[in-house]
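Colleague: The structure's right below; bear with me while I get my questions together.
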Amino acid sequence: MTEVRTDPADDAPAWRGVSTYLAKGVSLPGAGELSEPESRIRERGSDNSDGHPLPTGRWTLDAGTGRRYAAVSGDRNPIHLSALSAKALGFPRAIAHGMYTASRALAGLARERGDAYDWTVEFAKPVLLPGTVDVSVRPDGAAWVYEGWDARKGSTHFTGSVTPRG
């Protein structure tokens, strides 16, 4: 967990972030259970025959997406840069950076989320580049839930929620 404080005399943080990193072959207790955002998505039912809601958007990501994100973020992990370097590390092609897809979904909620919000994201399957991601963003009570998936295969790439504060 990371906290940012603007006033050393004030105990309340101005910003708090929590990141969880997982490793292949390692699982956490309860990893087989649906997350809260994903379970809410599934409870709402599906408007598509593939189990996903109707998409509210579609992203077409070209092969250079990973390289452009690396240039901005400084994260030059070889699995994101080219098919050749990704294949050397066990992927069939380069994959989009998870934080690219998560932040793109978050950016789509800029008007709805306000300045203070809680943000969650869970990753399932990587987005192969080039690739297409169908995305659904919709309100769910006080929160907004989002989901990205491969429309051809039906496999989920990510799910999450944004809950405005205040």
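Colleague: Counting only protein heavy atoms, what percent of the accessible surface of segment 113-166 is carbon or sulfur at a 1.4 Å probe? Don't skip to the answer; put the middle values down first.
Modeller: Details: 1320 of 2570 Å².
Using a 1.4 Å probe with all protein chains present, segment 113-166 comes out at 51 percent carbon and sulfur.
Colleague: If you count, for each residue, the other Cβ atoms within 10 Å and average over each peptide, how do 130-138, 82-90 line up from highest to lowest?
Modeller: 130-138, 82-90
Colleague: Per 5 Å bin from zero, what fraction in whole % of the C-alpha pairs of segment 90-166 is there, up to the bin with the longest pair?
Modeller: All Cα pairs, binned at 5 Å, distribute as 3, 16, 27, 22, 14, 9, 5, 2, 0 percent.
Colleague: State, as an integer percentage, the relative contact order of segment 118-165 based on alpha-carbon contacts under 8 Å between residues 6 or more apart.
Modeller: Values: 88 pairs, mean separation 21.6, N = 48.
Averaging sequence separation for qualifying contacts and normalising by length gives 45 percent for segment 118-165.
Colleague: Hey, what's segment 57-166 come to in accessible area per residue, 1.4 Å probe, Å²?
Modeller: 52
Colleague: Could I ask something else about it? Excluding Tyr69 itself, what net charge comes from residues whose Cβ is under 15 Å from its Cβ, given Lys and Arg +1 and Asp and Glu -1?
Modeller: Net charge in that neighbourhood comes out at +2.
The values are calculated or read from the model by the stated rules, or taken from the named source; none is laboratory data. Predicted, not measured: the structure shown is a model, and the values here were computed from it. Neighbour counts are summed over all protein chains in view; Cβ atoms, including those assigned to glycine, are modelled from backbone coordinates with ideal geometry. Only protein heavy atoms, including side chains, enter the accessible area calculation; ligands, DNA and RNA are left aside. Shrake-Rupley method; radii C 1.70, N 1.55, O 1.52, S 1.80 Å.
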